[in-house]
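J.: Sending over a structure as structure tokens; questions will come in a sec.
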Ligand SMILES: [Ca+2]
Ligand SMILES: [Ca+2]
């Protein structure tokens, strides 16, 4: 058995709580099984909680699991000296309890949701990715233990995704068992591990990106002064897709948060597709867009003073209430339908000799998050948005005098911004959040996450609307979160909707 950290086992204890709960519950004779069963059959979560001390059961189950696992881990620490095996057991139970305290709310909500909907939902809202933490946490050096009669201090140097984190446990001897002196301290320790894990994961992503430098696919007819079509490498990996149930401003369709495995690396457009790039496609093929065919697009209707369908609007004349700043060619293309975007993909696949396509919704969120688990890829701060994205900010509010929520900062653009004007995420992608919404390949289904496969989900087989992602230059804070899902009919086109492409070389 390798040297695993105490916290590894504590994290595993958390993972096992839900499964263990079932056994524990049905073996508890003090509850009226008839009433409980009735509550479950009637999908009545409120009654279920009336008969069952759910939180108490979760905690007891977790404690018992911690004890079971701790006995095997105690073998490892026995040789270290300075502390009795019983003390190790007590310590494990206490630390496991602290971890459970952090997640008991999520476990409870998951069970109640199961009763209400009949569908299993994973435990979410755990910062970081618990399964990976359990797999990747390692002891960096032997723990140092200083034990006195009543108190003990244990320092453990861990590596979470290669990122060092020191865990200090203060133990108190209560006669027959040991307890962590400060339960809050244990909770903080667990958080420290999770933060170190997230930091290490981000570093790993950056390192992998460095050995696969950006590459360019030449577009026929694109002039040298225009932004080239550049692709950044996206390594394979796992992430939690959707938003946790406690995320501010979330929508039900973003849940349940669920684990997704992107099994193959791919390449993602570093920028949104620009006007100049789209024009190269139009010139080469004579393509006529949906907006040109139909003769209108969604934009600002100056006569009605509201957003709506405006005649004569196209990708060349998107129809803003003001002139967008910057060189037109490097602004992201808008007023393009899903059909226009996929026609562009078909042409470019032929040009490039590899599959170029809209990313799936899962690939898009994975690429946007780039290892982050926060509301936005740069963190949870809306006020920081203006360093990283062109959003609906204070300038927009002044300009429009509209009663929308604005990001409380100044990003310098009231309309579109040239692609790449803001900092990139850890994968090297610019403007995933903000500037323009980006079409994805998938059909939209509000309930899809509850049953989507873990490996490379591609969305439902049919639907009436297609997904788009990322918020835009007129995007309020809630719509710019990484988990937010937009959708529109495939022939819809608007002043704020563009796209970004992914590439899938045959051999990687
Ligand atoms: Ca802006
Ligand atoms: Ca965008």
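Nothing in this text is a laboratory measurement; each read-out follows from the coordinates by a stated rule. For clarity, every value in this text was computed on a predicted model and none was experimentally measured. Neighbour counts are summed over all protein chains in view; Cβ atoms, including those assigned to glycine, are modelled from backbone coordinates with ideal geometry.
J.: Between residue 214 and residue 456, what is the label-point separation in nm under the 7 Å Cα-to-beta-carbon projection?
T.: Taking the simple label geometry, residue 456 and residue 214 are separated by 2.7 nm.
J.: Still on this structure, I have one more. Give me the number: length gained by fully extending residue 410 to residue 50, i.e. 0.36 nm times residue separation minus the C-alpha to C-alpha distance, one decimal in nm.
T.: Numbers: separation 360, 0.36 × 360 = 129.60 nm, distance 5.01 nm.
Extra length from residue 410 to residue 50 when fully extended: 124.6 nm.
J.: State, as an integer percentage, the relative contact order of segment 214-504 based on alpha-carbon contacts under 8 Å between residues 6 or more apart.
T.: Working: 712 pairs, mean separation 71.9, N = 291.
With pairs under 8 Å counted, the relative contact order is 25 percent.
J.: At a Förster distance of 41 Å, what's the computed FRET efficiency of residue 328 paired with residue 117, Cβ-Cβ distance as r, to 0.05? Can you show the working numbers first?
T.: Values: r = 49 Å, r/R0 = 1.20.
Efficiency, rounded to the nearest 0.05: 0.25.
J.: Would you mind ranking 348, 159 by Cβ crowding within 10 Å, fewest neighbours first?
T.: Working: 348 23, 159 18.
Arranged by neighbour count, lowest to highest, 348, 159 become 159, 348.
J.: Ok, one more. Using only alpha carbon pairs under 8 Å that are at least six residues apart, calculate the relative contact order of segment 302-378 and give it in whole percent.
T.: On the way: 28 pairs, mean separation 13.3, N = 77.
Rounded, it is 17 percent for segment 302-378.
J.: How high is the FRET efficiency between residue 42 and residue 153 when r is their beta carbon distance and R₀ equals 51 Å, given to the nearest 0.05? Working shown, then result.
T.: Working: r = 52 Å, r/R0 = 1.02.
After rounding to 0.05, the efficiency reads 0.45.
J.: Say each of residue 465 and residue 283 gets a label point 7 Å from the Cα, pointing the same way as Cα to Cβ; how far apart are those two points in nm?
T.: Label-label distance for residue 465 and residue 283, simple model: 3.7 nm.
J.: Give the residues of segment 302-320 whose amide nitrogen is closer than 14 Å to a point set 7 Å from the Cα of residue 489 in the direction of its Cβ.
T.: Once the point is set 7 Å along Cα→Cβ of residue 489, 309-310 turn out to lie under 14 Å by backbone N, inside segment 302-320.
J.: Please report 399, 238 as a ranked list, fewest other C-beta atoms within 10 angstrom at the top and most at the bottom. Intermediate values should be presented prior to the final figure.
T.: Working: 399 12, 238 16.
In order of increasing Cβ crowding within 10 Å: 399, 238.
J.: In segment 214-504, if every C-alpha pair distance is counted and binned at 10 Å from zero, what percent goes to each bin?
T.: 7, 30, 38, 21, 3, 0
J.: Right, another one. Residue 403 to residue 381: extension gain in nm, 0.36 nm per residue of separation minus the Cα-Cα distance?
T.: Numbers: separation 22, 0.36 × 22 = 7.92 nm, distance 2.12 nm.
Separation in residues times 0.36 nm, less the Cα-Cα distance, equals 5.8 nm.
J.: By per-residue mean of other Cβ atoms within 10 Å, what is the highest-first order of 357-369, 452-464? Numbers along the way, then the final one.
T.: Details: 357-369: 24.1, 452-464: 13.7.
Per-residue Cβ counts within 10 Å, averaged per peptide and sorted highest first, yield 357-369, 452-464.
J.: Still on this structure, I have one more. For segment 396-491, what is the relative contact order in percent, using Cα pairs closer than 8 Å and at least 6 residues apart in sequence?
T.: Numbers: 137 pairs, mean separation 25.9, N = 96.
Averaging sequence separation for qualifying contacts and normalising by length gives 27 percent for segment 396-491.
J.: Within 10 Å, count the other beta carbons around each residue, average over each peptide in 38-50, 222-234, and list them highest first. Walk me through the numbers before you get to the answer.
T.: Working: 38-50: 14.8, 222-234: 17.8.
Going from most to least packed, we get 222-234, 38-50.
J.: Still on this structure, I have one more. For the pair residue 309 and residue 238, how long in nm is the line joining their label points, each one 7 Å along Cα→Cβ?
T.: Each label point lies 7 Å from its Cα, and together they span 4.7 nm.
J.: Just how far, in whole angstrom, is segment 447-473 from segment 342-376 if you go by their alpha carbon centroids?
T.: Value for the Cα centre distance between the two parts: 13 Å.
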